[in-house]
Amino acid sequence: MTERPSLAVIGAGPAGLAATVAAAALGVRVTLLDSAAEAGGQFYRQPAAALRAGRPQALHHQWRTWEGLRGGLDAQVAAGTARHLTDHHVWLVERRTSPGAEGFTVHALLGPEQEKPVEVRADAVLLATGGYEKVLPFPGWTLPGVVAAGGAQAMLKGALAVSGRTAVVAGTGPLLLPVATVLAAAGVRVAALVESADPKAFVRHSRALAAQPGKAAEGARYAAGLLRHRVRTLVHHTVIEAHGTERLEAVTVAALDSTGRVRPGTGRRIPCDTLAVGHGMLPHTDLAETLGCRLDGLDVQVDDEQRTDVPGVWAAGETTGIGGAALSLAEGHVAGRSAAARLHGTAPDPRAWTAAAKSRARLREFAAALDDVYAPPAHWTDQVTDDTVVCRCEEVTGGAVREAVTELGAGDLRTVKLLTRAGMGWCQGRVCGPAVAGLAGCALTPSRRPFALPVPLGVLAHAGESENDDQ
Amino acid sequence: MSSPLDLARARPGPAFTVTLDGREIQALPGQTVAAALWAAGVTSWRTTRGGARPRGIFCGIGVCFDCLVTVNDRPNRRACLVPLHPGDAIRTQEGTGHDD
Ligand SMILES: Cc1cc2nc3c(=O)[nH]c(=O)nc-3n(C[C@H](O)[C@H](O)[C@H](O)COP(=O)(O)OP(=O)(O)OC[C@H]3O[C@@H](n4cnc5c(N)ncnc54)[C@H](O)[C@@H]3O)c2cc1C
Ligand code: FES
C-alpha cells in the first residue's frame, strides 16, 4: 500500500478548516494544529465546551457556514483522513532538506502550560494563522478596562465574559460593528460607537462596495441591531483620551476635520467602564518568515494556487492579507485543493475552484476598498503625548520614541528598538509596531522574530533531537 | 438584565472556589482566569515592572502579554488563555512576578 502524502495545516480558522476539508477529501492525510481548545479561529470562536452553551449561535453570524465546516472536519476525522490537534501552540516550522527525509517538522508546545514539546512531520505545510488586531495609542489606553475590540469579542465568544456594564466601541474598521452589536445583545450598555472613517470615503468606493450585496446586507443587519439597542453612532470622530486612575472611568471623543485632525472644541466626555478599541488588523507571519517565505509588504506572498515561494509551503486566509472570513474560506479551499494535487504529483485543474477563485477576486477588491475607507485618522500621532506609553511591555513613552528619532537619528523600527527598548518585551513589538512606525515616520516592516512564541530554554535545548516520527 | 451566559444559554456545571490573593471567588467550569476575574468585577491583576501601573486584559487572544498573572505560584501565565481548576490560587503579579 502506498502511503498517502501528508499535509500539516496550522490554524483552524475559516481558512485552515476549508483547506483541511478540501485536501482530506482529495486523499491527503491532514494534521490540523491550532492553539485553541476548539476549532473556529477568530470568526467562529467557540465557547469553552465546559460552559455547555446551548445557543452559541446567539453570539455569531453565518452559523450555517460554520456548521458546514464543523461537519466537514468531523467527517474527515471520523474517516481517519484528518486529525485535529487542539491546544498545540506552534513556535517553529522547520524545513528538512536532507536527501530521503525531505519535508517539514512542525514544532509545538502543548496545552495551556505550553511546556511539553511535540513535533509533527509532514510532506507539506499550509499556514492559516490568521491575524491580530492593531490598536494605536492615545493617553490612557493602558488603563484596565481599555481592551482591543476583537479582544472584547473573543472574551465574549470564547469565555462568555464581559468586563463591565457600559462600553464605548471606538476606532476604525468593519470589526467595530459586530463588536458593538454583540456587546449590546449580551446586556452591555453601548454608550457610543465611534468610527473615525469619513462617510465621504465610502462614496469614493461606492462601486467596489456595491459589488458585494451580501456585505451590504450584513452591514444593514448590524445597523438595525445598533438601532434596536439604541446605540449612538458618531462617524468621523475619534477617541482622544481614556480617563481613570486605577481603571477606566470615561473617554473623551472628538470630531475630525477633513484633513484627519481633531477639531478643537468638539471634545465630549462619555462615562464608561469598558472601551473596546481597534484600528484594523495585521497578519500573523512569523512562521512564514522563519521558513523564508517572501512577504509582500506585511502579507505572505502567494500565487494563484495560494503557494508561497518556498516549495511545499502554502498560505491562506488573513496571513496573506486582511480581508475577512469569506475571503479566508475561498483562499483555504483553493489552497487545500492545490496542495492535494501537488502532493499527488499532478498540476491542479483551476476549473475545480472557479467559484472560489471568483469570490476570492471580488473579495480582495472589496477588502482593498475597505482598507482605504477605514484608514486611521491621518494625524493620529497628534494625540500621542510625550508621556503616553507607546510600548506597553517595556513602558516606552511617545517622548522617548520621538527623542530617538529627532535627537539620536533613528530612522527605522530596529534602531528605535535598540535605542528605546520599544518592541523588546514579551509581545515582541506585535502591539507597538504600528505606533512606533507612525511616530518615527518610518515604514512598518516585518520584524523577523525567530519564534512565533516564547519558548522555554529547556525545550530549545532539546529541539530536533528526537528522530521519532509522531505517527 | 441579560448576560452573555444567558444569551448563549450556557448551562455550566456547578461553580467552584478559587482564590485571588487569598480571597475566595467563584469560578465556572470552562472559565479562563480572566473570565472568572471579570465575572468577579476584577479588571486588573498585575502591576508593571517600571511604573507599577495596573494591567489586565488587552488583546484577549494571547498576543499582547498584558494579562500576565501568577497562578499556583507560577508567574507570567496569560490569564486570557489559562483555564481554572477548583482550588487554584491566583495572585496579583507585581513587576516580573519573580519577587524581585
Ligand atoms: C480577536 C479577533 C476577533 C475577531 N472577531 C471577528 C468577528 O467577530 N467578526 C468578523 O467578521 N471578523 C472578526 N475577526 C476577523 C477575523 O480574523 C477574520 O475574519 C477570520 O477569522 C480570518 O480567518 P483565518 O482563517 O485567516 O484566521 P483566524 O480565524 O484568525 O484563525 C487562525 C487560527 O490560527 C491559530 N494560530 C495562529 N498562530 C498559531 C500558532 N503559532 N500555533 C497554533 N495555532 C495558531 C489561531 O489560534 C486561530 O485559531 C476577528 C479578528 C480578531 C483578531
Ligand atoms: S490579553 Fe493579550 S495576552 Fe492575554
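The values are calculated or read from the model by the stated rules, or taken from the named source; none is laboratory data. As the structure is a prediction and not an experimental result, all values here were calculated from the model. Cβ coordinates were reconstructed from backbone atoms using ideal geometry, including for glycine residues, and neighbour counts include every protein chain displayed. Quick note on the areas: whole protein, heavy atoms, side chains included, nothing else; ligands and nucleic acids left out. Shrake-Rupley method; radii C 1.70, N 1.55, O 1.52, S 1.80 Å.
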- So which GluC sites (Glu not before Pro) in the stretch A:1-100 are both in a DSSP loop and have at most 16 other Cβ atoms within 10 Å of their Cβ? A:GLU3
- the stretch A:156-299, Kirkwood Rh and Cα Rg, ratio Rg/Rh at 1.02
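May I ask you to derive the relative contact order of the stretch A:173-281, considering only C-alpha pairs under 8 Å and at least 6 residues apart, and to give it as an integer percent? Mind showing how you got there, number by number?
Values: 139 pairs, mean separation 28.2, N = 109.
That works out to 26 percent.
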- Message: Taking the Cα centre as origin and putting +1 on Lys and Arg beta-carbons and -1 on Asp and Glu beta-carbons, what dipole magnitude results for the stretch A:1-93, to the nearest 20 debye?
- Response: 180
- Query: Over what distance in Å are the Cα centres of the stretch A:47-117 and the stretch A:278-299 separated?
  - Reply: 20
- Query: Looking at the protein assembly as shown from every direction and averaging, what is the projected area of its Cα convex hull in nm²?
  - Reply: 26.0
- Cross-link reach list, aspartates and glutamates versus A:LYS157, counting only Cα pairs under 18 Å and skipping chain neighbours closer than eight places: A:ASP34, A:GLU38, A:GLU67, A:ASP87, A:GLU133, B:ASP6
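Could you tell me the relative contact order of chain A? Use alpha-carbon pairs under 8 Å, at least six residues apart, and round to a whole percent.
Details: 994 pairs, mean separation 84.6, N = 471.
Relative contact order here is 18 percent.
Classify the stretch A:277-435 as rounded, prolate or oblate, taking a ≥ b ≥ c as the square roots of the eigenvalues of its Cα gyration tensor: rounded when a/c is under 1.5, otherwise prolate if a/b is larger than b/c and oblate if not. Intermediate values should be presented prior to the final figure.
Details: a/c = 3.48, a/b = 2.05, b/c = 1.69.
Prolate, since a/c reaches 1.5 and a/b exceeds b/c.
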- Note on the structure: Protection proxy (average C-beta count within 10 Å per residue), highest first, orders A:453-459, A:112-118, A:263-269, A:95-101 as A:112-118, A:453-459, A:263-269, A:95-101
- Message: Show me you know the interface measure: the accessible area buried between A and B, both chains summed, probe 1.4 Å, in Å² to the nearest 100.
- Response: 4100
- Name the residue farthest towards the positive end of the dipole of the protein assembly as shown from the options A:PRO112, A:HIS205, B:CYS64, assuming +1 on Cβ of Lys and Arg, -1 on Cβ of Asp and Glu, about the Cα centre. A:HIS205
- Free-standing Cys residues across chain A, given no other cysteine C-beta under 4.7 angstrom: A:CYS272, A:CYS293, A:CYS393, A:CYS427, A:CYS442
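Hey, got the average number of other protein chain Cβ atoms within 10 angstrom for residues in A:37-50?
Working: counts 3, 0, 0, 0, 0, 1, 0, 0, 2, 0, 6, 9, 2, 8.
Taking all residues of A:37-50 together, the mean is 2.
Report, as an integer, the average count of C-beta atoms from other chains found within 10 Å of each Cβ along B:45-51. Don't skip to the answer; put the middle values down first.
Details: counts 1, 1, 0, 6, 4, 5, 4.
Other-chain Cβ atoms within 10 Å of each residue's Cβ, averaged: 3.
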- Under the helix-only model (-39500 (n - 2.57) for each DSSP H run of 4 or more, divided by the residues of chain A), the mean residue ellipticity at 222 nm, to 500 deg cm²/dmol, is -9500 deg cm²/dmol
- Show which aspartates and glutamates lie in cross-link reach of A:LYS358 when reach means a straight Cα distance below 16 angstrom and same-chain residues fewer than eight apart are skipped. A:ASP303, A:ASP304, A:GLU305, A:GLU331, A:ASP349
- Message: Could you tell me the center-to-center distance, by alpha carbons, between the stretch A:434-464 and the stretch A:304-362 in angstrom?
- Response: 27
- Query: Over the stretch A:1-159, with a single point scatterer placed on each C-alpha, what log10 of the ratio I(q)/I(0) does the Debye formula yield at q = 0.11, 0.13, 0.15, 0.18 1/Å?
  - Reply: -0.51, -0.69, -0.88, -1.15
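In whole Å, what three semi-axes, largest first, describe the equivalent ellipsoid of the stretch A:32-81 built from its Cα gyration tensor (square root of 5 times each eigenvalue)? Can you show the working numbers first?
Values: eigenvalues 74, 36, 23 Å².
In descending order the semi-axes read 19, 13, 11 Å.
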- Evaluated at 10 °C and 1.306 mPa s, the Stokes-Einstein D of chain B based on the Kirkwood radius over Cα pairs, in µm²/s, stands at 114
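Remind me, relative contact order of chain B in percent, using alpha carbon pairs under 8 angstrom and six or more residues apart? Display every interim value, and only then the final one.
Values: 191 pairs, mean separation 29.0, N = 100.
This gives 29 percent for chain B.
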- Projected area of the stretch A:344-471, taken from the Cα convex hull and averaged over every viewing direction, in nm²? 13.6
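Leaving ligands, DNA and RNA out of it, report the carbon-plus-sulfur percent of the accessible area of the stretch A:397-441 at a 1.4 Å probe. Write down the numbers at each step before the final one.
Numbers: 1010 of 1980 Å².
The C+S portion of the solvent-accessible surface of the stretch A:397-441 is 51 percent.
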- Top positive-direction residue, dipole computed over the protein assembly as shown with Cβ charges, set A:TYR374, A:VAL389, A:LEU193: A:LEU193
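What number in nm² do you get for the stretch A:222-309 if you take the convex hull of its Cα atoms and divide its surface by four? Let's see the in-between values first.
Numbers: hull surface 42.2 nm².
Reported value for the Cα convex hull: 10.5 nm².
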- 222 nm [θ] for chain B, helices only, -39500 (n - 2.57) per DSSP H run of 4+, per residue, to 500? -2500 deg cm²/dmol
- Message: Nothing charged except the Cβ atoms of Lys and Arg (+1) and of Asp and Glu (-1): what's the magnitude of the dipole of chain A about its Cα centre? Round to the nearest 20 debye.
- Response: 1720
- Message: Can you return the lysines within cross-link range of A:LYS200? Criterion is Cα-Cα under 24 Å, with same-chain partners fewer than 8 residues away left out.
- Response: A:LYS134, A:LYS215
